[in-house]
Structures are given as C-alpha cells and as structure tokens.
Amino acid sequence: MNDYSDIINLEHPEPKNHIRMSKENRASQFSPFAALSGYEDNLKEARRKIDQKIILEEDKKENLDRILLKLEKEYFPFVKITYFVKDLKKDGGYYRTIMGNFWKTNYNEKTIYLKSKEKILISNIYEIEIIEKKR
C-alpha cells in the first residue's frame, strides 16, 4: 500500500511559462452555467396562460350585427370593443379591449376599421359598446 510519504512534503511546482492563476479566478472556472440553453424560456412559455375563444350564442351575434349597422349610420362614433387575439405560439389567445372612433366596416374582408387604422376581424369581436355619438 502506498502512503505517498515520498511526495507528500514536496513543494508544489511553479509554472515556467505563465503566472499562476489566483484562487478567485480558478474558482470562477467552476461557476454554474446554463447547461440547457433556452430551458428557462421554454418553462416561462409553458407557464404562460392563454384563453380559449368564446363561441357566441346566436342572440349575441344578432345583437353585434345590429350594433354594427347602427355604427355605420353614425359619424365616427366612439366605441369600446373587446375582441379575441390569436396567440402566435399556442392554441388559444387572449381578449383585448380597445377604445377609439369607428371608421368603417368591410364586409368583403369581414373586418371593421377604427379611425386609428386598427383592423379587427368581425368573427373575433366579443363585445361592442358605443360610448358616445361623436368625438
């Protein structure tokens, strides 16, 4: 059995071609690192909550149609619209509420436009509220 008695008391050899690294610098070589790059981002994305699009009942759809017809007869009425925005990464999305002046309905594109050039698909609209007649 070897007890290392022949080398245990020898001085540690010094490098000949470079300066010895400090203990702090040597320790930093072993600091933690992200072995799985992107893992934290993937966890964050998996935890992000999304909503499912609510399918409107027929009476609510009819009410929205009546409001849209009414909006076209007014001069840039100020409205509050809640609509569904599809998520680009997951199945589902979220509901957004926007306020502004109604501009026009494009039935070919099945969209409405606000005066601010915001374009909203009619099929994604959940609710429209007329705030005031003109603004």
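Numbers below:
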{"read-out": "Ranked by how many other beta carbons lie within 10 Å on average, peptides 65-71, 13-19 from highest", "value": "65-71, 13-19"}
{"read-out": "Full-stretch length increase - residue 5, residue 132 - with 0.36 nm per residue and alpha-carbon distance subtracted", "value": "36.2 nm"}
{"read-out": "For the chain, size of Cβ-based charge dipole, Lys and Arg +1, Asp and Glu -1, in debye", "value": "1000"}
{"read-out": "Cα-based convex hull volume of the chain per residue, rounded to whole Å³", "value": "275"}
{"read-out": "Added length on full extension, which subtracts the Cα-Cα distance from 0.36 nm per residue, residue 60 to residue 75", "value": "3.0 nm"}
{"read-out": "Virtual spin-label span in nm between residue 12 and residue 101, 7 Å along Cα→Cβ", "value": "7.7"}
{"read-out": "Ranked order, 36, 88, 43 - accessible area, probe 1.4 Å, largest first", "value": "88, 36, 43"}
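The values are calculated or read from the model by the stated rules, or taken from the named source; none is laboratory data. Since we're looking at a predicted model, the values are computed, not measured. Cβ sites come from the backbone with ideal geometry, for glycine too, and all protein chains shown count toward neighbours. The protein model used for the area step is the full one, side chains on, heavy atoms only, and it has no ligands, DNA or RNA in it. Shrake-Rupley method; radii C 1.70, N 1.55, O 1.52, S 1.80 Å.
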